[in-house]
Each structure stands twice: as structure tokens, then as C-alpha cells.
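S.K.: Provided herewith is a single structure, encoded as C-alpha cells, for subsequent inquiry.
The values are calculated or read from the model by the stated rules, or taken from the named source; none is laboratory data. This one's a predicted model, so the numbers in the text were calculated from it and none came from an experiment. Every residue, glycine among them, receives a Cβ derived from its backbone with ideal geometry; neighbour counts consider all protein chains shown.
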Amino acid sequence: MSKNGTISTSSDKMPKHLKITQISPWVARWTSLIRPKGSVLDLAAGGGRHGRMLLERDHKVTFLDRTIEPLSDLEGTPNAQLIEADLEDGSPWPLDGQKFDAIIVVNYLHRPLFDDLLASLNPGGIFIYETFARGNEDYARPRNPNHLLRTGELLDLVSGKLQVIGYEHGLVTNADITGVKQRLCAVNDLAISDRDDQQPKPHTIMTL
Ligand SMILES: C[S@@+](CC[C@H](N)C(=O)[O-])C[C@H]1O[C@@H](n2cnc3c(N)ncnc32)[C@H](O)[C@@H]1O
């Protein structure tokens, strides 16, 4: 029994992010661009809601988190790689040399990883990022600026490196958690072109 008289259950103790199992609409919007059967990194995967969906679609998925207990049911699953690593303790990037056809990061930010993340994308790979941004402090946690993207920060990150095909920054009220979010989808194909003007090819943009 808790102090306020309610009975606590194991589900009460479950971290909030693990209770969210629906797919982010932003991630759902872009996953069809990932190469069929391509490899995917679900970084700071939590319960692995996004990677699990892609496993079901025949992708090979690497789930990385500092706690992989919520993913233990996936141990031994073909095409699922589970990596337990603390990304912020100063250790080297744990996936050195591994490249992916897609990288998905949702509701997690640790800026020192940015270079390693971009270097881990295969040519033509899809970079899908969505996390809290400045302005969110007026609504809820996170409020620490270290965990909030600055205006245009994801655009600046990929500028001249990836082709941006989707970007938003604003108050999101119809997704997993209400808050101010910045969302990006970009493709690692600026250097790939069969066009006379050397521009990368356009991609199909699905309307929500
Ligand atoms: C808000 S949850 C998001 C989980 C998942 N991306 C999702 O959207 O459902 C943040 C995740 O980051 C992980 N995380 C936080 N700090 C970490 C660190 N230093 N190294 C690795 N993972 C970390 C947490 O364990 C947690 O699973």
C-alpha cells in the first residue's frame, strides 16, 4: 500500500516510457523508406516498440540501451541483436564498424553521439530522429537544456551530409507524449546520383 492509500502494482513501478507501446506517428510515417530486409539500429530502444515493429517486417534490428531487461523476451529471436551499453559513461562507441540501413532515435538525446550515429549509416540509409525540444520546459519534463534540442539543431546536424525529407518542430498533442518535439527524417544519399545535375533522387513522401 502506498502512502496515499493506493495499492501499487508492478505496472505502477514500470517506467513511464515502457508503458508507451504505440508507434510514434513520425516513425511510422517514414519506415517504408527503409530498404527491404535492411538493418536497423533502435538507439536507446527502451521497450523496443519501434524495433519490434520492424522485426515483424523482416528487418534485422539492433536494440541498444543501458538496460535491456525490457527486451529480454527477444533474446534468441532471429534477426534481433540486443546490446546493453551505457552511451554516456565515456566508453567508446559500442558499435564501432557496424553500419545500418536505418537509425531510429526517439525521446533520447546525448549530443556527443551525433558523429558516431551519422558515421553508422550505410549509403542510402534513413535517419529518423524525434525528441523533445526547447519550449517543452513549459509543459513537462525533460526541462534540462541538455535534453532539449535547439531550434533547427537536427537540421544543422545533417546539413551538407544528408538529404532532409521531413522536418518539424512544435507542440505535438496527438502522439505518445504531449510536448514540444523536433522531428527529422533524412537520407544518406547526397553523394549518390544518376542525374545530370548530380542532385540525389527524390523520395516518396507519404501523407499522414
Ligand atoms: C524515454 S526512453 C525512450 C525509449 C524508446 N526510444 C522509445 O521511444 O520508446 C529513453 C531510453 O534511453 C535509455 N537511456 C538513457 N540513458 C542512457 C544511456 N546513458 N545509455 C544508453 N541508454 C540510455 C533509457 O534506458 C531509456 O530506455
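S.K.: What is the residue count in the stretch 96-119 for residues that are farther than 21 Å from TRP30 by Cβ and either within 16 Å of the chain's Cα centre (by Cα) or within 11 Å of the ligand (Cβ to nearest atom) (or both)?
M.R.: Of the residues in that region, 5 qualify.
S.K.: Scan the stretch 159-207 for residues that are of a type in the set (S, T, N, Q) and touching an Asp or Glu at 6+ places or on another chain (Cβ under 6 Å) and jot them down. Quick ask: steps written out before the conclusion?
M.R.: As a first pass, look at the stretch 159-207 and keep what is of a type in the set (S, T, N, Q): 159, 163, 173-174, 178, 182, 188, 193, 198-199, 204, 207.
Listed by number, the list holds a single entry, GLN163.
S.K.: Under 6 Å between Cβ atoms, at least 6 apart or on separate chains: pull out the pairs that start in the stretch 165-182 with a residue that is surrounded by fewer than 16 Cβ atoms within 10 Å (Cβ to Cβ) and end on any residue that is basic (Lys, Arg).
M.R.: Sorted first by the residue in the stretch 165-182, then by its partner, the pairs are GLU168/ARG183.
S.K.: Can I ask one more? Residues that are within 16 Å of the ligand (Cβ to nearest atom) and either in a strand (DSSP E or B) or more than 28 Å from LYS201 (Cβ to Cβ) (or both): does the stretch 23-38 have at least one?
M.R.: No, there is no match, as no residue in the stretch 23-38 is within 16 Å of the ligand (Cβ to nearest atom) and either in a strand (DSSP E or B) or more than 28 Å from LYS201 (Cβ to Cβ) (or both).
S.K.: Among the residues of the stretch 54-92, which ones are in contact (Cβ under 8 Å) with a residue 12 or more places away in the chain, surrounded by fewer than 17 Cβ atoms within 10 Å (Cβ to Cβ), under 23 Å from PHE132 (Cα atoms) and not small (Gly, Ala, Ser)?
M.R.: Those that are in contact (Cβ under 8 Å) with a residue 12 or more places away in the chain, surrounded by fewer than 17 Cβ atoms within 10 Å (Cβ to Cβ), under 23 Å from PHE132 (Cα atoms) and not small (Gly, Ala, Ser): ARG66, THR67, ASP86, GLU88.
S.K.: Looking at (1) of a type in the set (Val, Ile, Thr); (2) under 26 Å from HIS59 (Cα atoms); (3) buried (at least 17 other Cβ atoms within 10 Å of the Cβ), can you tell me which one ILE192 breaks?
M.R.: It is condition (3) that ILE192 fails.
S.K.: Quick one: in the stretch 153-208, of everything that is in contact with a Gly (Cβ under 6 Å, 6 or more places away or on another chain) and among the hydrophobic types (A, V, I, L, M, F, W, C), which residue is farthest from ALA140 (Cα to Cα)?
M.R.: The residue in question is CYS185.
S.K.: Taking ALA133, is it away from the ligand (no atom under 13 Å from the Cβ), in contact with a His (Cβ under 6 Å, 6 or more places away or on another chain) and not hydroxyl-bearing (Ser, Thr, Tyr)?
M.R.: yes
S.K.: Can you pull out every residue in the stretch 39-48 that is over 11 Å from the mean Cα position of the chain (by Cα) and either part of a loop (DSSP other than H, G, I, E, B) or near the ligand (Cβ under 8 Å from one of its atoms) (or both)? Full working, then the answer.
M.R.: Let us first name the residues in the stretch 39-48 that are over 11 Å from the mean Cα position of the chain (by Cα), namely 39, 47.
Result: GLY47, single match.
S.K.: May I pose another question? Can you name the residue in the stretch 3-20 that is surrounded by fewer than 12 Cβ atoms within 10 Å (Cβ to Cβ) and in a loop (DSSP other than H, G, I, E, B) and, of all such residues, is modelled with the highest pLDDT?
M.R.: The selected residue is PRO15.
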